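What follows is calculated from the coordinates using simple rules that are stated; it is not laboratory data. Being a predicted model, the structure only gives us computed values, none of them experimental. Every residue, glycine among them, receives a Cβ derived from its backbone with ideal geometry; neighbour counts consider all protein chains shown.
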Amino acid sequence: MICRLLAITLALFFISGCTNVPDEAQYSGENPKDNLYIIEFNDKGGVHKQCFGGSKPCRYLETFHKGIESSQIRENVIVFAHGWHHNAEPNDKNLDTFRTFINRLNARTPQYTGIYLAWRGDSSDVIFTDKTDFEALDFYTLWNRNSVAAHIGKNGANKFFDMLTSYQKEGKIRNIIGIGHSMGGRLVYFANKERIKEPNNNTFFLLINPALTDEDMKEVLMYDVKKINNFPRTIVVQSESDIPITFGYDLIHPGDESVGDSWAITHDLNACQNNNDKCPSCLKAKSNGENPESFDHTQCGFSRNEKKQFYPERCLITINNHKWAIAGRPKNGPKLPNCSDNFDQGVWVLSADDVFNKHNGFLGNDELPSYTGQQFEAFFELLSKITENKSAPAIE
């Protein structure tokens with residue numbers, strides 16, 4: 001209660017020095033460009049119709065339809081929704097680095113089209129703080145932007161995903177991968193809440209430090225969501241040191257917990273220390289069952305050595321060339337009697353810290369994805385398992 005009162009008091013102070021961010025299209029560049037399409041939604045959930053300051057029509061959907069009909073849209077479509085403080089301005093870091101990510105994927109395997117799903121992540125700015133380290137001083141907008149993200153998901157983005165699914169059924173798109181970061185994770189989740197529960201469609205979701213509570217996701221977590229090609233439909237990754245979600249959501253949702261910091265956690269995501277050459281071979285042996293006894297993660301040299309977590313046998317899989325370990329938590333998750341059951345679920349909730357540090361750390365350099373080094377390699381491996389219909393490592 002004290003925190004909420006303090007937040008309200010500070011909010012009233014800062015509001016006096018704020019500028020309004022208009023609810024209008026922000027993108028003014030070439031669209032599409034580099035296999036990346038821009039789609040901008042207004043606060044009501046509609047797609048913006050006027051661009052370039054209102055001087056030209058946007059034609060977002062028409063452009064995408066033409067891309068489909070002319071076979072310019074590649075078989076695997078990745079939709080990314082940004083979070084708080086971001087939009088589709090040409091110099092937005094999320095947009096720039098997502099474009100870089102799509103280009104890097106296609107340099108490996110030219111089969112991806114990106115869609116940057118933009119919305120008004122900022123409704124107002126404290127004077128002189130926009131795009132600086134002090135941008136969070138407009139935290140009083142959290143309540144409104146949190147609500148708007150969910151509204152767009154339920155009343156706009158859901159229809160866009162319906163359109164993608166229709167093209168998928170026609171064979172014009174093979175796989176759809178929806179990615180949301182922070183409030184973008186909230187938007188993507190509410191746009192696809194029912195879709196996650198549907199069997200037999202190649203639509204997958206990755207929610208990175210999402211602005212979601214355990215109550216928001218309870219219905220899906222308790223539902224018997226089926227895996228597709230032995231791969232989970234939805235993966236939630238939550239950094240333990242994510243202050244904006246774990247603390248900020250205490251202000252917005254008192255009494256609830258962020259989904260990645262609650263009873264809903266099904267797995268731990270750990271990484272080898274960079275200077276530990278023996279760690280990958282150790283993890284490979286553990287995940288292959290060569291050492292069937294229970295073990296603690298310090299035996300393989302995980303970074304989080306201060307936390308001694310034991311995992312029973314055969315409750316571990318590895319990715320990123322055996323440098324990262326996904327371990328099922330024993331007796332955790334919504335309805336899981338033992339850790340091997342965690343891998344049978346269609347929704348995984350991963351607790352991570354040394355792998356994806358802080359709120360934006362998953363995406364590189366405190367901003368959205370540079371996706372360099374290990375992060376890119378791990379993400380590329382996950383995408384490969386999805387798009388090539390390969391089975392994920394199985395727990396026998």
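Structural remarks
- Nitroxide proxy distance, nm - points 7 Å out along Cα→Cβ at I252 and E24: 2.7
- Inter-label distance, S70 to K284: 4.7 nm, where each label sits 7 Å from its Cα along the C-beta direction.
- Taking other C-beta atoms within 10 Å as the exposure proxy, T266, T246 rank T246, T266 from fewest upward.
- On the basis of the beta-carbon distance and an R0 of 30 Å, M163 and D344 show a calculated FRET efficiency of 0.40.
- The mean sequence separation of alpha-carbon pairs under 8 Å and at least six residues apart, normalised by the residue count of the stretch 79-238, gives a relative contact order of 22 percent.
- Centroid-to-centroid separation of the stretch 200-244 and the stretch 37-109 [C-alpha atoms, Å]: 23
- The calculated FRET efficiency for T109 paired with F52, based on their beta-carbon distance and R0 = 35 Å, is about 0.55.
- Ascending count of other beta-carbon atoms within 10 Å, so fewest first, for S351, S123, S258, S71: S71, S123, S351, S258
- Sorted ascending by nearby beta carbons within 10 Å, beginning with the fewest, L383, L316 become L383, L316.
- Given K159/K218; K172/K227; K44/K159; K284/K385, the pairs whose alpha carbons are separated by over 21 Å: K159/K218; K172/K227
- Lys, Arg +1 and Asp, Glu -1 on Cβ, resulting dipole of the stretch 52-111 about Cα centre, debye, nearest 20: 140
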